[in-house]
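A short worksheet on the structure shown next.
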Amino acid sequence: MKRLGIVAKTDREEARTVVPQLLDWCAARGIQPILEKETAGLCPQATGPVVGRSELPAQSDLLLVPRRRRHAPQHGAPGGRPGGGRSSASTWAGSAS
């Protein structure tokens, strides 16, 4: 996986924290984050591709819609345990590293 499409519910306060964490996670692993336009508004300092929601699937190898965390992050995955947590982020984090 080289390109991760990220779209968040921008009205959720958690998105303001989780999206920057995901960008850092991607940078540490050499993954190109591709932000949906509204999601990019949460991270004005972010560089890289910003696309419309309808364009995101064609530009990405994997799409991620972060969910609210229900437990503390573990194993270096943003949002939870790889493969077994309750967060969407945890589903892909373990297999991508």
Could we say that residue 57 is modelled with pLDDT under 95 and exposed (fewer than 14 other Cβ atoms within 10 Å of the Cβ) here? yes
Got a sec? Which strands (runs of 3 or more DSSP E) wholly within the stretch 1-72 have at least 3 residues that are of a type outside the set (A, V, I, L, M)? 32-36
Take the stretch 28-54 and flag every residue that is surrounded by 14 or more Cβ atoms within 10 Å (Cβ to Cβ) and among the hydrophobic types (A, V, I, L, M, F, W, C). 31, 34, 35, 40, 42, 43, 46, 50, 51
Tell me yes or no: at least one residue of the stretch 60-67 is modelled with pLDDT under 85, closer than 15 Å to residue 14 by Cα and surrounded by 19 or more Cβ atoms within 10 Å (Cβ to Cβ). yes
Find the residue count for the stretch 15-48, including only residues that are touching a Lys or Arg at 6+ places or on another chain (Cβ under 9 Å), more than 12 Å from residue 65 (Cβ to Cβ) and in contact (Cβ under 8 Å) with a residue 40 or more places away in the chain. 1
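The values are calculated or read from the model by the stated rules, or taken from the named source; none is laboratory data. Since we're looking at a predicted model, the values are computed, not measured. Quick reminder, even Gly has a Cβ in these numbers, built from the backbone with ideal geometry, and neighbours come from all protein chains shown.
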